[in-house]
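What follows is a set of notes on a single structure, which appears directly below.
Just so it is clear, none of the values below were taken in a lab; they were calculated from the coordinates. Remember, predicted model here, so these are calculated numbers, not experimental data. Methodologically, a virtual Cβ is constructed for each residue, glycine included, from the backbone with ideal geometry; neighbour enumeration extends over all protein chains shown.
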Amino acid sequence: MKQTAQISLTVNGETVEADVPVRRNLVDFLRQDLGLTGSHVGCEHGVCGACTLEVDGRMVRGCLMLAVQANGANVTTVEGLADSGRSAALRQSFMARNALQCGFCTPGMLASAIEYIEAGGASDRNAIREHLSGNYCRCTGYQAIVDAVCDVIDGRVSA
């Protein structure tokens with residue numbers, strides 16, 4: 001039985017080809033093989049949201065997706081969100097609101113918040129909390145995070 005597979009995907013706009021162990025999850029491939037350590041590994045069960053990244057335009061838990069399942073996909077990590085400018089206003093707002101403390105959850109939280117904002121999400125505190133409910137933060141209590149997202153939606157922060 002073959003233990004590796006050849007994959008080709010686009011990561012943050014760059015074509016990547018690699019021979020990967022068939023059981024390696026996507027976030028470990030990105031971190032260990034490509035050195036893209038922005039997405040964090042927390043629970044390894046898809047519960048905490050620290051590994052959230054974008055695959056073909058939708059946010060997924062990188063610990064629940066195998067790298068071989070991303071063959072042919074377009075993957076955007078938190079580094080790619082920053083490089084493209086998509087997260088600039090939100091990152092600025094997180095800093096201004098002190099919405100990041102230890103920073104462990106921040107990459108996944110940013111990715112999920114960007115998904116909400118880009119989908120036209122309203123400046124509704126309950127709706128924001130609901131959308132971010134799959135991303136755990138042990139430090140902030142979420143108040144500052146929700147404030148930061150509201151500030152971007154309401155145009156009080158610009159990139």
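Structure above, values below:
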{"read-out": "Radius of gyration, Dmax [region 4-82; alpha carbons; angstrom]", "value": "11.1, 31"}
{"read-out": "Relative contact order (percent, whole number), the chain, Cα cutoff 8 Å, 6+ residue spacing", "value": "23 percent"}
{"read-out": "Cα-based Rg and Dmax for the chain, where Dmax is the largest Cα-Cα distance (Å)", "value": "15.8, 56"}
{"read-out": "Amide H contacts under 5 Å for A5, placed H, 5+ residues apart", "value": "V20, V22"}
{"read-out": "Whole-number percent relative contact order across region 85-153, with pairs defined as alpha carbons under 8 Å at least 6 apart", "value": "48 percent"}
{"read-out": "Net dipole in debye of region 85-153 [+1 Lys, Arg Cβ; -1 Asp, Glu Cβ; about Cα centre; nearest 20]", "value": "200 debye"}
{"read-out": "Region 85-153 shape via C-alpha gyration tensor axes, a/c threshold 1.5", "value": "rounded"}
{"read-out": "Within the chain, helix-based [θ] at 222 nm, where runs of 4 or more DSSP H residues each add -39,500 (n - 2.57), nearest 500", "value": "-8500 deg cm²/dmol"}
{"read-out": "At most 15 other Cβ within 10 Å, DSSP loop - GluC sites (Glu not before Pro), region 24-84", "value": "E44"}
{"read-out": "Positive-end extreme of charge dipole, region 18-159 - chosen from C139, I128, A113 (charges on Cβ)", "value": "C139"}
{"read-out": "Cα-centred dipole magnitude for the chain, charges only on beta-carbon of K, R (+1) and D, E (-1), debye, nearest 20", "value": "380 debye"}
{"read-out": "Cleavage-rule hits, chymotrypsin sites (Phe, Trp or Tyr not before Pro), region 84-126, DSSP coil, Cβ neighbours within 10 Å at most 12", "value": "none"}
{"read-out": "Dipole-positive endmost among G38, T52, C102 within region 1-137 (Cβ charges, Cα centre)", "value": "C102"}
{"read-out": "Rounded to 5, percent antiparallel among DSSP beta bridges of the chain", "value": "90 percent"}
